[in-house]
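The values are calculated or read from the model by the stated rules, or taken from the named source; none is laboratory data. Keep in mind that what you see is a predicted model, and the values were worked out from it rather than measured. Cβ sites come from the backbone with ideal geometry, for glycine too, and all protein chains shown count toward neighbours. Just the protein is used for accessible areas: all its heavy atoms, side chains included, with ligands, DNA and RNA removed. Shrake-Rupley method; radii C 1.70, N 1.55, O 1.52, S 1.80 Å.
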Amino acid sequence: GFGKREVNVLVVGLDNSGKSSLLNYLRPRETQTDFIAPTVGFNLEHFVCKGLSFTAFDMSGQSRYRTLWGNYYRTTNGIIFVVDSSDKTRILVAREELQQLLSHPDISSRNIPIVFFANKMDIRDALSDVGVSSALGLDGVTNKSWHICSSNALKGEGVADGIEWLSSAIK
Ligand code: GTP
(Lines give C-alpha, C1' and ligand atoms only; values in the text may rest on other atoms or scores of the structure.)
Protein backbone atom coordinates (compact mmCIF):
# COMPACT_ATOMS: atom_id res chain seq x y z
CA GLY A 1 0.00 0.00 0.00
CA PHE A 2 0.91 3.65 -0.42
CA GLY A 3 3.48 4.91 2.05
CA LYS A 4 4.15 1.47 3.48
CA ARG A 5 7.47 -0.27 3.19
CA GLU A 6 7.18 -3.32 0.93
CA VAL A 7 8.71 -6.53 2.26
CA ASN A 8 8.83 -10.13 1.05
CA VAL A 9 8.30 -13.17 3.24
CA LEU A 10 8.68 -16.79 2.33
CA VAL A 11 6.15 -19.23 3.78
CA VAL A 12 7.58 -22.75 4.00
CA GLY A 13 6.96 -26.02 5.80
CA LEU A 14 5.88 -29.52 4.81
CA ASP A 15 2.78 -30.13 2.73
CA ASN A 16 -0.41 -30.19 4.80
CA SER A 17 1.11 -28.13 7.63
CA GLY A 18 -1.35 -25.25 7.09
CA LYS A 19 0.59 -22.54 5.21
CA SER A 20 -2.22 -21.57 2.81
CA SER A 21 -4.79 -21.71 5.63
CA LEU A 22 -2.70 -19.35 7.73
CA LEU A 23 -2.38 -16.86 4.87
CA ASN A 24 -6.08 -17.18 4.11
CA TYR A 25 -6.78 -16.03 7.66
CA LEU A 26 -4.64 -12.91 7.07
CA ARG A 27 -6.72 -11.88 4.04
CA PRO A 28 -9.45 -9.27 4.32
CA ARG A 29 -12.57 -11.06 5.60
CA GLU A 30 -14.47 -10.72 2.31
CA THR A 31 -11.77 -12.49 0.31
CA GLN A 32 -11.25 -15.41 2.71
CA THR A 33 -12.19 -18.80 1.34
CA ASP A 34 -13.47 -22.09 2.77
CA PHE A 35 -11.82 -24.07 0.00
CA ILE A 36 -8.06 -24.44 0.12
CA ALA A 37 -6.40 -26.90 -2.24
CA PRO A 38 -2.80 -28.13 -1.96
CA THR A 39 -0.48 -25.51 -3.45
CA VAL A 40 1.19 -26.28 -6.76
CA GLY A 41 4.48 -24.42 -7.15
CA PHE A 42 3.66 -21.30 -5.15
CA ASN A 43 1.00 -18.62 -4.71
CA LEU A 44 1.40 -14.95 -3.86
CA GLU A 45 -0.59 -13.37 -1.03
CA HIS A 46 -0.61 -9.82 0.31
CA PHE A 47 -1.26 -8.51 3.80
CA VAL A 48 -0.39 -5.49 5.92
CA CYS A 49 0.96 -5.52 9.47
CA LYS A 50 2.51 -2.79 11.63
CA GLY A 51 3.08 -0.39 8.75
CA LEU A 52 4.68 -3.03 6.53
CA SER A 53 3.12 -4.20 3.28
CA PHE A 54 3.88 -7.91 2.91
CA THR A 55 4.14 -9.98 -0.23
CA ALA A 56 4.05 -13.58 0.95
CA PHE A 57 5.37 -16.38 -1.25
CA ASP A 58 3.24 -19.36 -0.21
CA MET A 59 5.43 -22.24 -1.30
CA SER A 60 4.14 -25.73 -1.93
CA GLY A 61 5.37 -28.11 0.75
CA GLN A 62 5.09 -31.22 -1.40
CA SER A 63 8.47 -32.92 -1.68
CA ARG A 64 8.71 -32.46 -5.46
CA TYR A 65 8.34 -28.69 -5.09
CA ARG A 66 10.56 -28.14 -2.04
CA THR A 67 13.59 -27.51 -4.27
CA LEU A 68 11.85 -24.30 -5.38
CA TRP A 69 12.15 -22.75 -1.91
CA GLY A 70 15.84 -21.90 -2.35
CA ASN A 71 15.15 -19.72 -5.39
CA TYR A 72 13.48 -17.17 -3.13
CA TYR A 73 15.86 -17.12 -0.14
CA ARG A 74 18.05 -14.33 -1.51
CA THR A 75 15.27 -11.76 -1.83
CA THR A 76 13.28 -12.55 1.31
CA ASN A 77 13.11 -10.29 4.36
CA GLY A 78 11.73 -12.96 6.66
CA ILE A 79 10.61 -16.57 6.86
CA ILE A 80 7.40 -18.12 8.12
CA PHE A 81 7.96 -21.81 8.90
CA VAL A 82 4.76 -23.75 9.52
CA VAL A 83 4.73 -27.11 11.31
CA ASP A 84 1.86 -29.56 11.84
CA SER A 85 2.22 -30.07 15.60
CA SER A 86 -0.01 -33.14 15.47
CA ASP A 87 2.21 -35.00 12.99
CA LYS A 88 4.90 -36.38 15.28
CA THR A 89 6.43 -38.61 12.61
CA ARG A 90 6.86 -36.03 9.92
CA ILE A 91 8.19 -33.40 12.30
CA LEU A 92 11.55 -35.12 11.81
CA VAL A 93 11.27 -34.45 8.07
CA ALA A 94 10.42 -30.83 8.89
CA ARG A 95 13.56 -30.69 11.04
CA GLU A 96 15.67 -31.91 8.09
CA GLU A 97 14.10 -29.35 5.75
CA LEU A 98 14.81 -26.63 8.33
CA GLN A 99 18.47 -27.69 8.61
CA GLN A 100 18.79 -27.49 4.81
CA LEU A 101 17.21 -24.04 4.80
CA LEU A 102 19.51 -22.79 7.56
CA SER A 103 22.63 -24.08 5.84
CA HIS A 104 21.76 -22.50 2.47
CA PRO A 105 24.31 -19.74 1.68
CA ASP A 106 21.56 -17.15 1.03
CA ILE A 107 20.19 -17.79 4.53
CA SER A 108 23.28 -18.55 6.60
CA SER A 109 24.99 -15.34 5.43
CA ARG A 110 22.13 -13.02 6.47
CA ASN A 111 20.28 -12.33 9.69
CA ILE A 112 16.77 -13.11 8.47
CA PRO A 113 14.12 -13.46 11.20
CA ILE A 114 12.15 -16.71 11.27
CA VAL A 115 8.77 -17.19 12.89
CA PHE A 116 7.68 -20.77 13.54
CA PHE A 117 4.03 -21.64 13.82
CA ALA A 118 3.36 -24.81 15.82
CA ASN A 119 0.11 -25.14 13.91
CA LYS A 120 -2.96 -27.35 14.44
CA MET A 121 -2.79 -26.77 18.20
CA ASP A 122 -6.52 -27.62 18.30
CA ILE A 123 -5.84 -31.28 17.51
CA ARG A 124 -5.82 -33.54 20.57
CA ASP A 125 -2.31 -34.66 21.55
CA ALA A 126 -0.65 -32.01 19.37
CA LEU A 127 2.81 -31.00 20.61
CA SER A 128 3.06 -27.67 22.46
CA ASP A 129 5.23 -24.83 21.15
CA VAL A 130 7.95 -26.04 23.52
CA GLY A 131 7.60 -29.60 22.19
CA VAL A 132 7.81 -28.46 18.57
CA SER A 133 10.78 -26.24 19.39
CA SER A 134 12.62 -29.17 20.90
CA ALA A 135 11.67 -31.56 18.06
CA LEU A 136 13.01 -29.06 15.52
CA GLY A 137 16.18 -28.46 17.52
CA LEU A 138 15.61 -24.71 17.78
CA ASP A 139 17.91 -24.45 20.81
CA GLY A 140 20.74 -24.92 18.32
CA VAL A 141 19.64 -21.98 16.18
CA THR A 142 21.73 -19.23 17.74
CA ASN A 143 22.65 -17.07 14.75
CA LYS A 144 19.11 -16.06 13.77
CA SER A 145 16.30 -14.14 15.44
CA TRP A 146 13.45 -16.59 15.79
CA HIS A 147 10.16 -16.93 17.62
CA ILE A 148 7.65 -19.76 17.94
CA CYS A 149 3.91 -19.61 18.59
CA SER A 150 1.21 -22.22 18.74
CA SER A 151 -1.53 -21.57 16.20
CA ASN A 152 -4.83 -22.70 14.84
CA ALA A 153 -4.82 -21.43 11.27
CA LEU A 154 -8.48 -22.29 10.78
CA LYS A 155 -9.61 -19.97 13.59
CA GLY A 156 -6.63 -17.63 13.41
CA GLU A 157 -5.59 -18.24 17.01
CA GLY A 158 -1.93 -17.33 17.55
CA VAL A 159 -1.53 -16.02 14.00
CA ALA A 160 -1.45 -12.28 14.83
CA ASP A 161 1.08 -12.90 17.61
CA GLY A 162 3.57 -14.50 15.21
CA ILE A 163 3.04 -12.02 12.37
CA GLU A 164 3.42 -9.05 14.71
CA TRP A 165 6.68 -10.49 16.04
CA LEU A 166 7.93 -10.94 12.47
CA SER A 167 6.97 -7.39 11.51
CA SER A 168 8.88 -5.97 14.47
CA ALA A 169 11.88 -8.18 13.71
CA ILE A 170 11.96 -7.05 10.05
CA LYS A 171 11.71 -3.37 10.99
P1 GTP B 1 0.59 -27.51 0.77
O2 GTP B 1 -0.05 -26.47 -0.11
O3 GTP B 1 0.36 -28.91 0.27
O4 GTP B 1 2.04 -27.25 1.02
O5 GTP B 1 -0.18 -27.44 2.20
P6 GTP B 1 -0.36 -26.23 3.22
O7 GTP B 1 0.77 -26.20 4.18
O8 GTP B 1 -0.65 -24.96 2.47
O9 GTP B 1 -1.64 -26.69 4.06
P10 GTP B 1 -3.16 -26.21 3.91
O11 GTP B 1 -3.33 -24.81 4.36
O12 GTP B 1 -3.60 -26.57 2.54
O13 GTP B 1 -3.84 -27.13 5.02
C14 GTP B 1 -3.77 -28.55 4.96
C15 GTP B 1 -4.93 -29.14 5.73
O16 GTP B 1 -4.80 -28.87 7.12
C17 GTP B 1 -6.29 -28.57 5.31
O18 GTP B 1 -7.23 -29.62 5.35
C19 GTP B 1 -6.58 -27.54 6.41
O20 GTP B 1 -7.96 -27.35 6.62
C21 GTP B 1 -5.95 -28.21 7.63
N22 GTP B 1 -5.49 -27.24 8.65
C23 GTP B 1 -4.71 -26.15 8.46
N24 GTP B 1 -4.48 -25.52 9.62
C25 GTP B 1 -5.13 -26.21 10.58
C26 GTP B 1 -5.25 -26.05 12.01
O27 GTP B 1 -4.73 -25.14 12.66
N28 GTP B 1 -6.01 -26.99 12.66
C29 GTP B 1 -6.60 -28.03 12.00
N30 GTP B 1 -7.33 -28.89 12.74
N31 GTP B 1 -6.50 -28.21 10.68
C32 GTP B 1 -5.77 -27.32 9.97
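Observations on the model:
- Take each peptide in 66-76, 11-21, 49-59, count the other Cβ atoms within 10 Å of every residue, and average; sorted highest first, the result is 11-21, 49-59, 66-76.
- For the chain, the calculated P(r), taken from all Cα-Cα distances in 5 Å bins from zero up to the bin holding the longest distance, is 1, 9, 19, 24, 23, 16, 6, 2, 0 percent.
- Cα-based equivalent ellipsoid, the stretch 40-121: semi-axes from gyration tensor eigenvalues, Å: 20, 17, 14
- Within the stretch 110-171, the proportion of Cα pairs with more than 13 Å between them is 61 percent.
- Across the alpha-carbon set of the stretch 1-79, the Rg to Rh ratio works out to 0.97, Rh being the Kirkwood radius.
- Around LEU101: net Lys/Arg minus Asp/Glu count, Cβ-Cβ under 15 Å: +3
- Summing charges over neighbours of LEU136, with a neighbour being any other residue whose Cβ is under 13 Å away from its Cβ, gives -2 when K and R count +1 and D and E count -1.
- Element breakdown for the chain at a 1.4 angstrom probe: carbon and sulfur atoms account for 49% of the accessible area.
- Rounded to whole numbers, the Karplus 3J(HN,Hα) couplings from phi for the stretch 123-130 are 7, 4, 6, 5, 5, 6, 4, 5 Hz, using 6.51 cos²θ - 1.76 cosθ + 1.60 with θ = phi - 60°, and x at Gly and Pro.
- Relative to the Cα centre, the charge distribution of the chain, modelled as +1 at Lys and Arg Cβ and -1 at Asp and Glu Cβ, gives a dipole magnitude of about 360 debye.
- The Cβ shell under 11 Å around ILE91 holds other residues with a net charge of -1, Lys and Arg each +1, Asp and Glu each -1.
- Across the cross-link table entries LYS50/LYS144; LYS19/LYS155; LYS19/LYS50, which are compared at the Cα atoms, the separations over 19 Å belong to LYS50/LYS144; LYS19/LYS50.
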